[in-house]
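S.K.: Below: one structure in structure tokens.
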Amino acid sequence: MRVAIVTESFLPALNGVTTSVCKVLECLRLQGHEALVVAPGTSPWSPVPTPQYHAGFPVHTVTSVPVRQFRVGLPSYELETVLHRFRPDVVHVASPFVLGVRGLTAARALGIPSVAIYQTDMPSYIRQHAGPAGELTARAAWRWIRRIHDQADLTLAPSSAALADLAAHQVPRIALWGRGVDSELFHPDRRTDAGVAALRRELAPHGETLLGYVGRLAPEKELHRLAELSRLPDARLVLVGEGPSRDLLQSLLPGAVFLGRREGAALAQAYAAFDVFVHTGTRETFGQTLQEAAAAGLPVVAPARGGPVDLVDVGRTGHLFDPDRPGALRAAVEPLVGPAAAALRQQLGRAGRARVEERSWPALVDQLLDHYSSVVHRAVRPVVA
């Protein structure tokens, strides 16, 4: 197949949207498909530019502007030209909100079937940051999302909670498509690596249980909840990631360690050094870091809301806590802390690892290709020659 991917986020930015797009591209290359990426470019003075190719596929960048530390691609009529020249069988639009809207419009104008990937719970973020007008602006955001996705031939949601949200807001033609995980990169065997052992000695010099978080340090991740764990005996918080909330969190969590941004093998080593993975955000449509932690053999503790509900098998792979009840996070984590809980942590970690082993990226991309085929086969609009 020939697949054009229009994405709201791409390298060098690292987030869930970028990771998913990159993994899809790598699997498409291995299976012999053709692809093109349209993505926001970086500023001319950026020290790390957007790559011209990824997985051997060309990356076409569009002018972008910074919005809250993100690069937002500006829509223009050049998308029609790019798609017309590439002649894709399907247009894949990743987390459409600005550039992706233009991608869907262009696909419809050219008669090309389209698949939109719903990945970011933008109404919740808007509700959180809009103050007294939060509820009103969130409803407006849902109307905008419905208009966006009405242009797509199919919208794919990453979890049952996200699928239910879309259905509740009358988004048409929806289906479930999860996310894959690199179970080779994130693996329990890394715990025996010399580098991981050295990191554990540094982070837990007195044998503390390491409670790890990986992700953006931002208000929408609700990391203030970690304050419940900051004085938990025999435990230490370790945060991997960067973001606008770092200074605030360092003052809120004086005993925590901040390892900064990590990727690749360095990120896998951080997971392997943890004993328990803790997630705090209630607005996750999926929760990719929960899968990575499970692949690394860690028990996972997360809110009983959104994407984590699909990913955590309560009592078998980890625990879900009630985010509306103060102290619930601490109550869920405390039984997993200390030497006496080592066997329980291992038991939960083994079960979590077994559960994610079937969610490889190649398997998930096979499912995605089936979704592509479904919209291509039922398309009635001819592609413009």
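The values are calculated or read from the model by the stated rules, or taken from the named source; none is laboratory data. Predicted model only: the values in this text are computed from it and were never measured. Because the Cβ atoms are built from the backbone with ideal geometry, glycine has one as well, and the counts that use them run over all protein chains shown. Each accessible area value is taken on the protein alone, full model and side chains, heavy atoms only, with ligands, DNA and RNA left out. Shrake-Rupley method; radii C 1.70, N 1.55, O 1.52, S 1.80 Å.
S.K.: In the range 130-139, is there at least one residue being open to solvent by less than 10 Å² (accessible area, probe 1.4 Å), touching a Pro at 6+ places or on another chain (Cβ under 9 Å) and not acidic (D, E)?
M.R.: Scanning the range 130-139 turns up at least one residue that is open to solvent by less than 10 Å² (accessible area, probe 1.4 Å), touching a Pro at 6+ places or on another chain (Cβ under 9 Å) and not acidic (D, E).
S.K.: Let me ask something else about it. Output the number of residues of the range 227-255 satisfying the condition of being open to solvent by less than 20 Å² (accessible area, probe 1.4 Å) and free of Cβ contacts under 8 Å to residues at least 60 places away in the same chain.
M.R.: Of the residues in that region, 8 qualify.
S.K.: What number goes with the only condition from (1) under 20 Å from A141 (Cβ atoms); (2) open to solvent by 60 Å² or more (accessible area, probe 1.4 Å); (3) part of a strand (DSSP E or B) that V93 does not pass?
M.R.: Failed condition: (2).
S.K.: Right, here's the next one. F274 is checked against (1) in contact with a strand residue (DSSP E or B) (Cβ under 7 Å, 6 or more places away or on another chain); (2) open to solvent by 10 Å² or more (accessible area, probe 1.4 Å); (3) aromatic (F, W, Y) and fails just one. What number does that condition carry?
M.R.: Result: F274 fails condition (2) only.
S.K.: While we're on this one: Enumerate the pairs (first residue in the range 98-118 and more than 13 Å from V82 (Cβ to Cβ) and of a type in the set (K, R); second residue anywhere and open to solvent by less than 20 Å² (accessible area, probe 1.4 Å) and not in a helix (DSSP H, G or I)) with beta-carbon separation below 9 Å, excluding pairs fewer than 6 apart on the same chain, so at least 6 apart or on different chains.
M.R.: So the pair list comes out as R108/S114; R108/A152.
S.K.: Identify the single condition in (1) surrounded by 20 or more Cβ atoms within 10 Å (Cβ to Cβ); (2) within 26 Å of L364 (Cβ to Cβ) that L79 does not satisfy, given that it satisfies every other one.
M.R.: The one condition L79 does not meet is (2).
S.K.: Moving on to the next point. Within the range 214-226, take every residue that is open to solvent by less than 40 Å² (accessible area, probe 1.4 Å) and out of contact with any Pro (no Cβ under 8 Å at 6 or more places or on another chain) and give me the one that is farthest from G255 (Cα to Cα).
M.R.: Per the stated criteria, the residue is E220.
S.K.: On to the next question. Can you tell me which residue among L348, L329, L344 is assigned to a helix (DSSP H, G or I), at pLDDT 95 or above, more than 21 Å from the chain's Cα centre (by Cα) and under 21 Å from D182 (Cα atoms)?
M.R.: So the residue among L348, L329, L344 that is assigned to a helix (DSSP H, G or I), at pLDDT 95 or above, more than 21 Å from the chain's Cα centre (by Cα) and under 21 Å from D182 (Cα atoms) is L348.
S.K.: I'd like the residue in the range 45-75 that is open to solvent by less than 40 Å² (accessible area, probe 1.4 Å) and among the small types (G, A, S) and, out of all such residues, is nearest to P113 (Cα to Cα).
M.R.: Only one residue tops the list, namely G73.
S.K.: Mind listing whichever residues of the range 288-298 are in contact (Cβ under 8 Å) with a residue 40 or more places away in the chain and either closer than 17 Å to D322 by Cα or among the aliphatic types (A, V, I, L, M) (or both)?
M.R.: A293, A294, A295, A296, L298
S.K.: Please specify each residue of the range 327-341 satisfying the condition of being surrounded by fewer than 14 Cβ atoms within 10 Å (Cβ to Cβ) and in contact (Cβ under 8 Å) with a residue 60 or more places away in the chain.
M.R.: G327, P339
S.K.: Quick one: in the range 62-90, of everything that is out of contact with any Ser or Thr (no Cβ under 8 Å at 6 or more places or on another chain) and assigned to a strand (DSSP E or B), which residue is modelled with the highest pLDDT?
M.R.: Result: V65.
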